[in-house]
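The values are calculated or read from the model by the stated rules, or taken from the named source; none is laboratory data. A quick note: this is a predicted structure, and the numbers were derived from the prediction, not measured. Cβ: placed from backbone, ideal geometry, glycine included. Neighbour counts: every protein chain shown.
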Amino acid sequence: MSNIHWFFKSVLNSYGQVFFSTKKTFSSLLILATFVDFYTGAFGLFAVVVTNLIAYWLGLNKYKITEGFFGFNSLLVGLGLGIYFQPGALLLLIVFLAAILTLFISVSLEGMIGKYALPYLSIPFVISLWILTLASREFMELGLNERGIYTLNDLYIIGGGSLVKLYEWWNNIPLPSSIRSYFLSLGAILFQYNLFTGVILAVGLLTYSRIGFTLSLIGFYTAYLFYMLIGAKFSEVHYSYIGFNYILSSIALGGFFLVPNRNSYLWVVLIVPLVAIVTISLSSILEPYFLPVYSLPFNLVALVFLYVLKFRVNNKANLNPVYIQQNSPEKNLYSFLNFKERFGKETPIPIHLPFHGEWTVTQGHNGEYTHKGSWRHAWDFQIKNDEGKTYEDSGDFVGDYYCYGKNIVAPAMGIIEAIIDDVPDNIIGEKNLEYNWGNTIVIKHTEYLFSKLSHLKPQSVEVKIGQKVEQGDLLAKCGNSGNSPYPHLHFQLQGTPHIGSKTIDYPLSNYLKKLDDRLELMTTASPSRDDVVMNIQVNSALRKAFHLTPGQKFMFELSEPIGANVEWEVKIDYYLNKYIECDTSKSRAYFKVDEAMLYFTHFEGDRKSLLYYFYLAAFKVCFGYSKGLRIVDTYPINMVFRPNQHFIHDFLAPFIQYMKGKYSLSYKGAENSLAETQITLNATTYALVFNNERDRIITSIHVDGTGLSRIEINHKKRTYFAKRLEYI
């Protein structure tokens, strides 16, 4: 990113962060709104520029500067000073110093409050402007603002007579007092006390976020009704009672720091009256000092509430903090819902099947024979042939059973905790109840997660107590020891290390389930009785194509426009998130990858780019090739619908979703001896409204022995492709 582009972005975002946004169009509108009073806007802009330059000069985090985290507080201070005092060289100096002071306070508060993972919000603005307000009483050469009567002249300079007429028209519209107060409260956030600015901001807020706009109304009118209920005066212009505290509190807690849902909306209704009480109380305390409360009530109540939530032991209230902030209530919501659906059942430590090849669950949880009571969460596995038999010949000997003597492997990384290896195999049909579990291995995966594998073949254990093992390492062989009339593997997860410990309900990760005509990838699930299951066997060509590593580069030749090339590079950001970046479009596709799976998690940038279609097509890819394998998943709806297409849906999204994005991927191998290295992945993206198809994108990804070779896209009766030129 060039220095000019970076700095321009940092200035824009400093404005947008006032409303928790990084949207360029909304930020541009906010800049315009501050210049309704020209000098106020000019000093606000000057404060932002100074803060971001000083922050960069001091070597502060460039990402935070770019996102506007430091600049927005200085913006508010600059606007406040610009509206209170007469413009001139002295005020310019004061704003310059105030911007530096605000930056210092912001960084200091980040160190103090940030260690609790809490935002400092606009506290630096309040502290800094209070300091400047008190100090300015001794600044005899600094005159107070007397230019309010010249507002129309300032507007004429900006937009001519048409802007003046528009301003007068808006201010003279006969509106109910509550609506007028709402618009004035919005404008007051940027120190613009006029109806015209409020209307501009309301339109901008509606365009930026339907959820944010809805919450602004809920917050404002909750406070308005509460003031009526208690008989307090809700003044349009008095700083102590201006409604921006309620608007900001509602947006922050209802849809920005918390994922918007019906419960977050309910808590807004409960919290806003608290903000009102704090506002009235602080106004009484500060009035003798002639200090406005500004946004202090919003800051105090929001921070206290977010801090309280950190002490929860459960989430009965269904209030979900936003961990990956996308600066949009809608994006936060859609990403959260999608992540919960895709990875909500994902376990902290993935546990895999402890064997190779196809095995059948002959007894599952709450089994028919032994998986009862405290030991009900366990599985028994055997191998069956095409006729469903578990043995060959007569089945009178342990060696007749297909699973007997087969390798048993570690289901995950861990430390060998306990071993029994000297219990003899049983004669078929007999049981050894004295040594119920037979030959057994217990592996410690975490402090409270252990796996136990029992009924192993005697003298077959290949590991020792205390030995570290990786997932897939050989442990022993399947046998018929202990309470086992027929050779099988008993497998369970438990919370304590003892042989005989009670079981816990802990699902398995990334295995294939065999259906009649295909295989289905089970990302996180508990196999049931009669399920035929197998581990993913990684295909080298698929792994080479999709196991993306930072520093890797790709170059493609596009069919449209003819002869055009694009280059991708795999990168990693400040927070260790991996992504592919397109050098041409500057688009980014974020992903996570392990030894057997690739998941794309987020996309930002040009939706006409090749990278966007690749993000859709490779949304979830398994590195194992098996004939008939099919993978399904879901997208965040904002990734498959354009913003204008889900405009109405956004209003209802915290309560109900009627739009969906669905993903389907099927594997097809070449009909020749190169089937394992020439594979086609056919992906279909569906955009659904009330389960009716509104759009479909079909993409084919061709893989050969060298990795990705070709990408074909079919969308809206158009077909185009990209051919890989080289790997770098």
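Search the stretch 675-701 for residues being assigned to a loop (DSSP other than H, G, I, E, B) and within 27 Å of the chain's Cα centre (by Cα), and hand back the single one that is surrounded by the fewest Cβ atoms within 10 Å (Cβ to Cβ).
The selected residue is Phe690.
When the stretch 422-434 is limited to residues that are surrounded by fewer than 17 Cβ atoms within 10 Å (Cβ to Cβ) and farther than 13 Å from Pro485 by Cα, the one that is farthest from the chain's Cα centre (by Cα) turns out to be Glu434.
Quick one: is Leu337 assigned to a helix (DSSP H, G or I), under 20 Å from the mean Cα position of the chain (by Cα) and buried (at least 20 other Cβ atoms within 10 Å of the Cβ)? Explain how you work it out, then say what you get.
Working: assigned to a helix (DSSP H, G or I): yes; under 20 Å from the mean Cα position of the chain (by Cα): yes; buried (at least 20 other Cβ atoms within 10 Å of the Cβ): no.
Against the criterion (assigned to a helix (DSSP H, G or I), under 20 Å from the mean Cα position of the chain (by Cα) and buried (at least 20 other Cβ atoms within 10 Å of the Cβ)), Leu337 does not qualify.
Only residues that are surrounded by fewer than 22 Cβ atoms within 10 Å (Cβ to Cβ) and assigned to a helix (DSSP H, G or I): list them for the stretch 634-645, please. Correct list: Pro643, Asn644, Gln645. A count restricted to the stretch 1-56 and to residues that are farther than 20 Å from Pro87 by Cβ and of a type in the set (Gly, Ala, Ser) stands at 8.
Among the residues here, Ile351 qualifies as surrounded by 17 or more Cβ atoms within 10 Å (Cβ to Cβ) and either free of Cβ contacts under 8 Å to residues at least 40 places away in the same chain or assigned to a loop (DSSP other than H, G, I, E, B) (or both). In the stretch 459-468, the condition of being in the same structural domain as Ala412 (by TED's automatic domain parsing), in contact with a Phe, Trp or Tyr (Cβ under 8 Å, 6 or more places away or on another chain), more than 19 Å from Ile383 (Cβ to Cβ) and polar (S, T, N, Q) is met by no residue.
Taking the criterion of being surrounded by 24 or more Cβ atoms within 10 Å (Cβ to Cβ) and assigned to a helix (DSSP H, G or I), the residues of the stretch 67-90 that qualify are Gly71, Phe72, Asn73, Ser74, Leu75, Leu76, Val77, Gly78, Leu79, Gly80, Leu81, Gly82.
Does Gly367 satisfy the condition of being in a loop (DSSP other than H, G, I, E, B), on the phi > 0 side of the Ramachandran plot, in the same structural domain as Tyr448 (by TED's automatic domain parsing) and more than 37 Å from the chain's Cα centre (by Cα)? No: the conditions fail for Gly367. Does Leu58 satisfy being out of contact with any strand residue (DSSP E or B) (no Cβ under 8 Å at 6 or more places or on another chain), within 22 Å of Pro119 (Cβ to Cβ) and not polar (S, T, N, Q)? The answer is yes for Leu58.
Go through the stretch 160-215 and give me each residue that's within 18 Å of Glu330 (Cα to Cα) and small (Gly, Ala, Ser). Give the derivation first.
Quick first cut of the stretch 160-215, residues within 18 Å of Glu330 (Cα to Cα) only: 202-215.
Hits for the stretch 160-215 are Ala202, Gly204, Ser209, Gly212.
Scanning the stretch 439-461 for residues that are assigned to a loop (DSSP other than H, G, I, E, B) and over 14 Å from Ile415 (Cα atoms) yields Lys457, Pro458, Gln459, Ser460, Val461.
Going by what's in this entry, would Ile415 be described as surrounded by fewer than 17 Cβ atoms within 10 Å (Cβ to Cβ), in a strand (DSSP E or B) and touching a strand residue (DSSP E or B) at 6+ places or on another chain (Cβ under 7 Å)? Yes: the conditions hold for Ile415. Restricting the stretch 492-535 to residues that are in a loop (DSSP other than H, G, I, E, B), at pLDDT 90 or above and of a type in the set (A, V, I, L, M, F, W, C) leaves a set whose member that is surrounded by the fewest Cβ atoms within 10 Å (Cβ to Cβ) is Ile504. Only one entry in Gly71, Gly80 is more than 33 Å from the chain's Cα centre (by Cα), small (Gly, Ala, Ser) and closer than 16 Å to Gly41 by Cβ, namely Gly80.
For the stretch 607-619, check the following and say yes or no: at least one residue is of a type outside the set (A, V, I, L, M), surrounded by fewer than 20 Cβ atoms within 10 Å (Cβ to Cβ) and closer than 15 Å to Ile701 by Cα. The answer is no; no qualifying residue exists.
Would you confirm whether any residue within the stretch 430-438 is in a loop (DSSP other than H, G, I, E, B), touching an Asp or Glu at 6+ places or on another chain (Cβ under 7 Å) and either over 26 Å from Lys468 (Cα atoms) or at pLDDT below 95 (or both)? No - not one qualifying residue is present in the stretch 430-438.
Any residue at all in the stretch 471-480 that's part of a loop (DSSP other than H, G, I, E, B), more than 37 Å from the chain's Cα centre (by Cα) and either assigned by TED's automatic domain parsing to the domain that holds Gln382 or β-branched (Val, Ile, Thr) (or both)? So that I can check it myself, show each step before the final result.
The first filter runs over the stretch 471-480 and keeps only residues part of a loop (DSSP other than H, G, I, E, B), leaving 471-473, 479-480.
Filter once more, so that each one left must be more than 37 Å from the chain's Cα centre (by Cα): 479-480.
Adding the requirement that they be either assigned by TED's automatic domain parsing to the domain that holds Gln382 or β-branched (Val, Ile, Thr) (or both) leaves 479-480.
Yes - at least one qualifying residue is present in the stretch 471-480.
Any residue at all in the stretch 273-295 that's assigned to a helix (DSSP H, G or I) and closer than 30 Å to Pro643 by Cα? Among the residues of the stretch 273-295, not one is assigned to a helix (DSSP H, G or I) and closer than 30 Å to Pro643 by Cα, which makes the answer no.
Count, please, the residues in the stretch 573-591 that happen to be of a type in the set (Val, Ile, Thr) and in a strand (DSSP E or B).
Step one: of the stretch 573-591, the residues of a type in the set (Val, Ile, Thr) are 580, 584.
Restricting the remaining residues to those that are in a strand (DSSP E or B) gives 580.
Adding up the residues that qualify gives 1.
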